[in-house]
Amino acid sequence: MSIPSHIAIIMDGNGRWAEKRGLERIEGHRIGAEVADAVSQWCADSGIKYVTLYAFSTENWKRPRHEVNYLFELMLMYITSQLERMLKEEVRMRFMGRLNELPEKLLDFTRYIEEKTRNCSKLNVIVALNYGGRAELLDAVTSLIRKGRSEITESDISSCLYIPDLPEPDLIIRTSGERRLSNFLLWQCSYSEFFFTDTLWPDFSKKEFLSILEDYSKRKRRFGAVDI
Ligand code: FPP
């Protein structure tokens with residue numbers, strides 16, 4: 001079976017999952033964080049090398065203040081509680097986005113986790129945090145202008161993305177029935193395969209994950225060429 005090297009996931013539907021059960025939206029995020037953790041284990045078990053999780057977009061600041069604060073607290077708590085296991089299981093965690101705009105405590109934390117796990121190499125978990133595809137492109141082009149460049153190539157842009165050595169995603173999964181990209185990995189997705197499922201993120205299971213891998217393995221990727 002052909003296994004994607006890099007899977008990127010839009011973990012959507014936490015709020016609806018909670019509302020359907022008469023719970024506060026943040027309960028959906030709490031369970032969603034547990035699923036994110038489980039997914040990283042399923043990726044490691046399947047031989048996937050990179051998984052990128054869309055945890056907070058540049059547009060998510062429009063949410064109620066208490067939800068935004070809860071999401072940040074959740075990430076701090078959850079990732080801290082997983083640190084020992086990440087080190088044991090050789091998981092490197094990196095963050096991508098406009099990290100400088102995050103609250104200082106969270107920014108320091110992202111640096112701490114990146115430093116602690118920098119030598120781990122079994123699985124790379126990338127958390128997209130205050131991330132927007134347009135912001136990433138603007139930041140890349142701005143840095144090229146600041147270097148005095150007047151002509152640029154595709155590889156110049158790729159080399160100025162937040163994580164330049166991150167391979168492009170082979171597969172992008174979005175849960176919750178929405179069929180859009182919502183400003184995720186706009187540059188990197190040009191030849192990604194997409195998989196949309198109606199399942200709400202907190203209900204996402206290993207069985208469904210494996211069935212998506214199986215679906216992916218049957219796809220023919222031609223990257224604009226023809227089969228010979
Ligand atoms: C979208 O669901 C989900 C988010 C904006 C947050 C996702 C964050 C997590 C699952 C926590 C991640 C934690 C770690 C450790 C990476 P929604 O709230 O937009 O759902 P709705 O569309 O049903 O309202």
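The values are calculated or read from the model by the stated rules, or taken from the named source; none is laboratory data. Note that the structure is predicted; figures quoted are calculated from it, not measured. So basically every Cβ, Gly included, is an ideal-geometry build from the backbone, and we count neighbours across all protein chains shown. Ligands, DNA and RNA are stripped out before the accessible areas are found, and what is left, the full protein with its side chains, is counted by its heavy atoms. Shrake-Rupley method; radii C 1.70, N 1.55, O 1.52, S 1.80 Å.
Straight-line reach only, C-alpha to C-alpha below 30 angstrom: list the lysines that K88 could link to, leaving out same-chain residues fewer than 8 apart. Reachable lysines: K49, K105, K116, K122, K206, K207.
For the range 156-228, with all protein chains in place and a probe radius of 1.4 Å, 51% of the accessible heavy-atom surface sits on carbon or sulfur. Per-residue ellipticity at 222 nm from helix content only, as computed over the chain with -39500 (n - 2.57) for each DSSP H run of at least four residues, stands at -14000 deg cm²/dmol. Count charges around G132 for me, please; just the other residues with Cβ under 10 Å from its Cβ, Lys/Arg as +1, Asp/Glu as -1. Within the 10 Å Cβ shell, the charges total -1.
Within the range 123-202, report the trypsin sites (Lys or Arg not before Pro) that DSSP leaves as loop and that have at most 16 other Cβ atoms within 10 Å. Counting only loop positions with at most 16 other Cβ atoms within 10 Å, the trypsin sites (Lys or Arg not before Pro) in the range 123-202 are K147, R149, R179, R180.
Net charge near V141: determine it from the other residues with C-beta under 14 Å of the C-beta of V141, scoring Lys and Arg +1 and Asp and Glu -1. My count for the surroundings of V141 gives -1. Applying a DSSP loop filter and a limit of 12 other Cβ atoms within 10 Å to the GluC sites (Glu not before Pro) in the range 121-228 leaves E151. So if we plug the beta-carbon distance of K207 and L138 into 1/(1 + (r/R0)^6) with R0 = 35 Å, what FRET efficiency do we get, rounded to 0.05? The value I calculate is 0.30. The fraction of accessible area contributed by carbon and sulfur in the range 1-155 is 51 percent, rounded to a whole number (1.4 Å probe; ligands and nucleic acids excluded). Under the rule a/c < 1.5 gives rounded, and otherwise a/b versus b/c splits prolate from oblate, where does the range 72-222 land using the Cα gyration tensor? Note, shape of the range 72-222 comes out oblate. Checking every one of the chymotrypsin sites (Phe, Trp or Tyr not before Pro) in the range 170-228 against DSSP loop status and a limit of 16 other Cβ atoms within 10 Å picks out W187, Y191, F223. Of interest is the spacing of the C-alpha centroids, which for the range 126-161 and the range 55-92 amounts to 25 Å. Each residue of the range 108-117 is assigned a 3J(HN,Hα), and the resulting list reads 4, 5, 4, 5, 4, 5, 4, 5, 4, 9 Hz, derived from the Karplus form 6.51 cos²θ - 1.76 cosθ + 1.60 (θ = phi - 60°), x at Gly and Pro. Under 5 Å between amide hydrogens, built in the peptide plane, is the criterion, and for R221 it picks out nothing among residues at least 5 positions away or on other chains. Accessible surface area normalised per residue over the chain is 52 Å², counting heavy atoms of protein chains with a 1.4 Å rolling probe.
Modelled spin-label separation between W61 and W187, with each label point placed 7 Å from Cα along the Cα-to-Cβ direction: 2.1 nm.
With θ taken as phi - 60° and the Karplus curve 6.51 cos²θ - 1.76 cosθ + 1.60 applied, the whole-hertz 3J(HN,Hα) list for the range 18-29 is 5, 4, 4, 9, x, 9, 6, 3, 5, 4, x, 5 Hz, x standing for glycine and proline.
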